[in-house]
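Everything on this sheet refers to the single structure shown next.
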Amino acid sequence: MGLISFAIIGDIDDMRKRGLALLGFFYCDFRDDDKKKLRGLVSSLLLQLCHQSKSHSTILSDLYSAHDNGSREPSDKALVECLKSILKQPRHAPVYIIIDGLDECPNSSGMPSRREAILTLIEELVNSDLQHLHICITSRPEVDITNALTPLLFRTVALHNERGQKQDIVDYIKSVVSTDVMMKRWRAVDKELVVEVLSSKAGGM
């Protein structure tokens with residue numbers, strides 16, 4: 001999880017604890033198959049939102065009953081429709097959905113690919129024009145993600161272009177080079193070369 005996502009989640013979670021918001025968070029993790037596909041995302045959001053609202057639990061319970069009390073797995077489409085039903089419920093408190101590391105979802109196989117399926121869901125949720133729904137996506141600026149999200153964006157922050165972000169990376173590399181047991185023995189010129197090369201290749205990530 002990135003520091004920015006961690007800070008955002010912390011602020012919203014404080015609101016959630018005071019009953020001022022609902023929060024659904026999903027971290028796309030390339031190491032976990034369930035955390036890089038649509039089904040894992042929607043299932044996670046459903047469980048989180050239903051845990052925060054009794055009325056949401058009723059909608060999920062209806063889905064469970066409709067599939068023979070869990071003896072049949074609902075399709076991805078059924079899960080998505082359940083999520084949409086929950087989000088469309090009248091409410092006073094805002095709902096925040098945070099999807100961190102979208103670029104971790106593969107875009108190399110499947111029709112649609114796992115990433116395309118998630119991007120389609122995001123587009124549908126944004127276009128549903130729910131005033132209480134707020135969506136935050138974090139990702140590397142990969143071409144397909146940028147092309148899909150740019151028309152939907154209200155606000156975007158490109159951290160890879162921020163001077164402060166780049167300086168933080170340089171400072172971190174210098175810290176590692178100066179404190180690592182093995183690197184301490186290196187010549188100063190070698191240490192400077194490592195910092196220079198790694199900093200130039202960091203790309204703000």
inquiry  = At 1.4 Å probe radius, can you tell me the per residue accessible area of the range 1-142 in Å²?
reply    = 55 Å²
ask   = So for the range 101-156, taking the charge dipole from beta-carbon charges (+1 Lys/Arg, -1 Asp/Glu), which of Gly110, Ile137, Asn147 sits furthest toward the positive end?
value = Ile137
Percent RCO, i.e. relative contact order, over the chain, from Cα pairs under 8 Å lying at least 6 residues apart = 20 percent
ask   = With +1 on each Lys and Arg Cβ and -1 on each Asp and Glu Cβ, how big is the dipole of the chain about its Cα centre, in debye rounded to the nearest 20?
value = 380 debye
ask   = If you build a Gaussian network model of the chain, linking Cα atoms that sit under 10 Å apart, which residue out of Tyr172, Tyr27, Tyr96 swings the most?
value = Tyr172
Two-decimal Rg to Rh for the chain - Kirkwood Rh, Cα set = 1.07
key: Highest-fluctuation residue, Arg39, Arg18, Arg114 considered, GNM on the chain with Cα pairs under 10 Å   = Arg18
key: Options Ser71, Val197, Leu45, ranked by Cα towards positive dipole end of the chain, top entry (Cβ charges)   = Val197
message = Out of the total accessible area of the chain (probe 1.4 Å, heavy atoms of protein only), what percent is carbon and sulfur?
response = 55 percent
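The values are calculated or read from the model by the stated rules, or taken from the named source; none is laboratory data. Bear in mind that the values here come from a model prediction, so they are computed numbers and not experimental data. Every residue, glycine among them, receives a Cβ derived from its backbone with ideal geometry; neighbour counts consider all protein chains shown. Each accessible area value is taken on the protein alone, full model and side chains, heavy atoms only, with ligands, DNA and RNA left out. Shrake-Rupley method; radii C 1.70, N 1.55, O 1.52, S 1.80 Å.
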